[in-house]
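A quick write-up on the structure given underneath.
Here, each number is a calculation from the coordinates, and none is a lab measurement. Everything numeric in this text was worked out from a predicted model, so none of it was measured. Cβ placement follows ideal geometry from the backbone for every residue including glycine, while neighbour counts extend to all protein chains displayed.
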Amino acid sequence: MTTLTNDAVTAALAKIVAEKGADYIYPHAVGTCTYSEGEAPSCIVGHVVAALSPEDFEALVEYEQSEGESFPANELEEHSALQFERGRLGDALMAAQDVQDSGGTWGNAQEAYRRVLAGGDYYDAVKSLK
């Protein structure tokens, strides 16, 4: 079991957004979001999981391939061996995923993640950044 910590996820997300660019828009937005495309990370949360726990990312790839579908980021604990450290990490990742899936930039997804992790209202953060 891998525990995703707030600090590790925040650092990985910052690195991923810096590498892709804050203005990057997920090409599958407003469609079917998947954690992986083939064997590689696809969505913003898939990139975070792959960076922090490659073995758990491989399990997500296998799940998507066998089930033919994905699941929301706040359900990672239910569908994998990943655990969240504490607090609002699952909701914060879901906020990033929600902004991304609505066609928002990864910079805005990162900001939604930050706001929710800090205790901000999920719906306000997501709505204002889509």
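Amide H to amide H distances under 5 Å link G103 with V30, where only residues 5 or more positions off or on other chains count and H is placed in the peptide plane. Sorted ascending by nearby beta carbons within 10 Å, beginning with the fewest, D98, D91, D7 become D7, D91, D98. Once the chain from H28 to S102 is taken as fully extended at 0.36 nm per residue, the excess over their C-alpha distance is 25.7 nm. The H on the amide N of T3, modeled in the peptide plane, is under 5 Å from the matching H of Q83, each at least 5 residues off or on a different chain. Karplus-derived 3J(HN,Hα) values for the stretch 33-50, using 6.51 cos²θ - 1.76 cosθ + 1.60 with θ = phi - 60°, are 7, 10, 6, 9, 10, x, 9, 9, x, 10, 7, 4, 6, x, 5, 5, 4, 4 Hz; glycine and proline are entered as x.
The distance from the alpha carbon centre of the stretch 36-59 to that of the stretch 8-24 is 14 Å, rounded to a whole number. Per-peptide packing, taken as the mean over residues of other Cβ atoms within 10 Å, places 64-70, 46-52 in the sequence 46-52, 64-70 from highest down. Extending 7 Å from the Cα toward the beta-carbon at both Y123 and A40 defines two label points whose distance is 3.8 nm. Normalising by residue count, the chain has a Cα convex hull of 89 Å³ per residue. A cut-off under 15 angstrom between Cβ atoms defines the neighbours of K127, and their net charge, with Lys, Arg +1 and Asp, Glu -1, is -4. The string of couplings for the stretch 14-23 from the Karplus curve (6.51, -1.76, 1.60, θ = phi - 60°) is 4, 5, 5, 5, 5, 5, 7, x, 4, 8 Hz, one whole number per residue in order, with x for Gly and Pro.
E67 to M1: extension gain in nm, 0.36 nm per residue of separation minus the Cα-Cα distance? Provide the component values of the computation, followed by the final result.
Details: separation 66, 0.36 × 66 = 23.76 nm, distance 2.15 nm.
Result: 21.6 nm gained on full extension.
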